Amino acid sequence: MRILVTGSSGHLGEALARTLEPLGHEVVGVDLKPGRFTAKVGSIVDRRFVADAMLGAEAVCHAATLHKPHVATHAPRAFVDTNIAGTLNLLEEAAAAKLKAFIFTSTTSVFGDALIPPPAAPAAWITEEVRPVPKNIYGVSKAAAEDLCQLYHRKHGLPILILRTSRFFPEADDDAAVRAAYVDDNHKANEYLSRRVDLEDVVSAHLLALDRAPELGFRRYIISAATPFHREDAEELRRDLPGVLRRRVPQYESAYRSRGWRMVPAIDRVYDSERARRELGWQPRYDFARLLALLESGDDMRSPLARLVGSKGYHAETFAEGPYPVA
């Protein structure tokens with residue numbers, strides 16, 4: 001199948017191209033920046049460029065986007081142009097070409113303020129039923145692009161699946177307090193309990209989405225590592241995360257102790273990816289228990305694909321205050 005992959009010089013785009021090509025697919029990678037897997041250099045904001053790139057395609061994996069790290073360095077209009085107008089260009093050309101599948105990479109950032117419960121409330125249990133309340137231009141633009149996807153499915157019957165991915169970037173956290181309190185691997189391991197996913201698992205979700213989109217029509221899915229927690233843990237998670245872990249994953253204490261790692265005292269949210277696992281048949285391989293086993297055997301926590309793709313960064317320049325400025 002000929003598949004258009006947007007953002008092919010980026011982190012996820014490269015991972016998709018690296019995986020799709022050995023499976024026998026013809027990948028047409030497009031990106032603003034040249035790259036090994038980018039066949040056409042240009043902007044999705046340019047309708048003619050999009051139309052040319054779409055010729056002969058049977059499906060689209062739309063991963064190109066301005067991200068949260070760009071909020072402090074790019075004007076709001078740039079998010080509207082790239083994330084909304086660019087997505088609209090792709091949808092219009094995909095509908096005209098009657099593609100078999102359109103997979104839109106969205107983000108759990110669309111939930112925004114819905115992720116932060118009041119101080120005395122239980123941790124937020126985030127499923128696809130939670131109403132997004134975007135809190136910055138990034139979240140607003142991705143939510144608007146999701147709505148465009150729904151519109152083009154309804155109007156044109158274009159099979160579209162939206163994958164709301166949680167954190168899978170390899171860069172250090174943008175919060176200076178977090179960087180000061182935890183070594184990077186420790187912090188990322190903690191996040192696998194509720195809000196992180198491995199790049200390989202994100203790619204496998206996209207492959208399943210490509211296959212299932214014609215049958216499913218239109219769906220939104222949270223793509224995040226399977227959590228060991230249950231809904232009834234939500235109240236305790238907000239005040240005593242280690243206590244819940246001693247029941248759910250008791251082996252974590254010795255694994256952490258041997259490395260001098262620390263567990264966060266509490267969390268305010270859990271991303272529940274059960275629907276993607278049930279409806280797509282998605283089986284993420286990297287969860288908290290798997291990470292503990294990898295650590296015990298002396299292996300890297302990251303999948304081979306994540307190690308191969310490595311870190312891409314978000315900006316050409318470097319910043320003294322962290323991996324990127326925070327708005």
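At-a-glance table
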| quantity | calculated |
| --- | --- |
| Members of region 242-260 that are more than 26 Å from the chain's Cα centre (by Cα), in contact (Cβ under 8 Å) with a residue 12 or more places away in the chain and in a loop (DSSP other than H, G, I, E, B) | Gln251 |
| Any pair with Cβ under 8 angstrom, 6 or more apart, that starts in region 79-103 at a residue that is in contact (Cβ under 8 Å) with a residue 24 or more places away in the chain and ends at one that is hydroxyl-bearing (Ser, Thr, Tyr) and in a loop (DSSP other than H, G, I, E, B) | Thr82/Ser43; Thr82/Thr65; Asn83/Thr65; Gly86/Ser43 |
| Residue in region 93-127 that is nearest to Asp46 (Cα to Cα), counting only those that are among the charged types (D, E, K, R) and in a helix (DSSP H, G or I) | Glu93 |
| Extreme residue, surrounded by the most Cβ atoms within 10 Å (Cβ to Cβ), among residues of region 43-59 that are on the phi < 0 side of the Ramachandran plot and in contact with a strand residue (DSSP E or B) (Cβ under 7 Å, 6 or more places away or on another chain) | Ile44 |
| Residue among Leu161, Leu151, Leu90 that alone is buried (at least 21 other Cβ atoms within 10 Å of the Cβ) and either assigned to a helix (DSSP H, G or I) or over 20 Å from the mean Cα position of the chain (by Cα) (or both) | Leu90 |
| Residue that is nearest to the chain's Cα centre (by Cα), among those in region 120-148 that are more than 24 Å from Val264 (Cβ to Cβ) and basic (Lys, Arg) | Lys142 |
| Restricting region 302-327 to residues that are in contact with a helix residue (DSSP H, G or I) (Cβ under 6 Å, 6 or more places away or on another chain) and modelled with pLDDT of 95 or more, the residue that is surrounded by the fewest Cβ atoms within 10 Å (Cβ to Cβ) | Leu305 |
| Tyr286 being assigned to a loop (DSSP other than H, G, I, E, B) and hydroxyl-bearing (Ser, Thr, Tyr) | yes |
| Options Val110, Val71: the member that is more than 17 Å from Pro214 (Cα to Cα), crowded, with 17+ Cβ neighbours inside 10 Å and at pLDDT below 95 | Val71 |
| Checking Arg220 against (1) within 24 Å of Thr82 (Cβ to Cβ); (2) crowded, with 21+ Cβ neighbours inside 10 Å, the condition it does not meet | (2) |
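Every residue, every condition in (1) within 18 Å of Phe104 (Cα to Cα); (2) over 15 Å from the mean Cα position of the chain (by Cα); (3) among the aromatic types (Phe, Trp, Tyr), yes or no:
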{"site": "Pro170", "(1), (2), (3)": "no, no, no"}
{"site": "Glu191", "(1), (2), (3)": "no, no, no"}
{"site": "Arg196", "(1), (2), (3)": "no, no, no"}
{"site": "Leu199", "(1), (2), (3)": "yes, no, no"}
{"site": "Val203", "(1), (2), (3)": "yes, no, no"}
{"site": "Pro214", "(1), (2), (3)": "yes, yes, no"}
{"site": "Ile223", "(1), (2), (3)": "yes, no, no"}
{"site": "Ala226", "(1), (2), (3)": "no, no, no"}
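The values are calculated or read from the model by the stated rules, or taken from the named source; none is laboratory data. These figures come from a predicted structure and were not determined experimentally. Quick reminder, even Gly has a Cβ in these numbers, built from the backbone with ideal geometry, and neighbours come from all protein chains shown.
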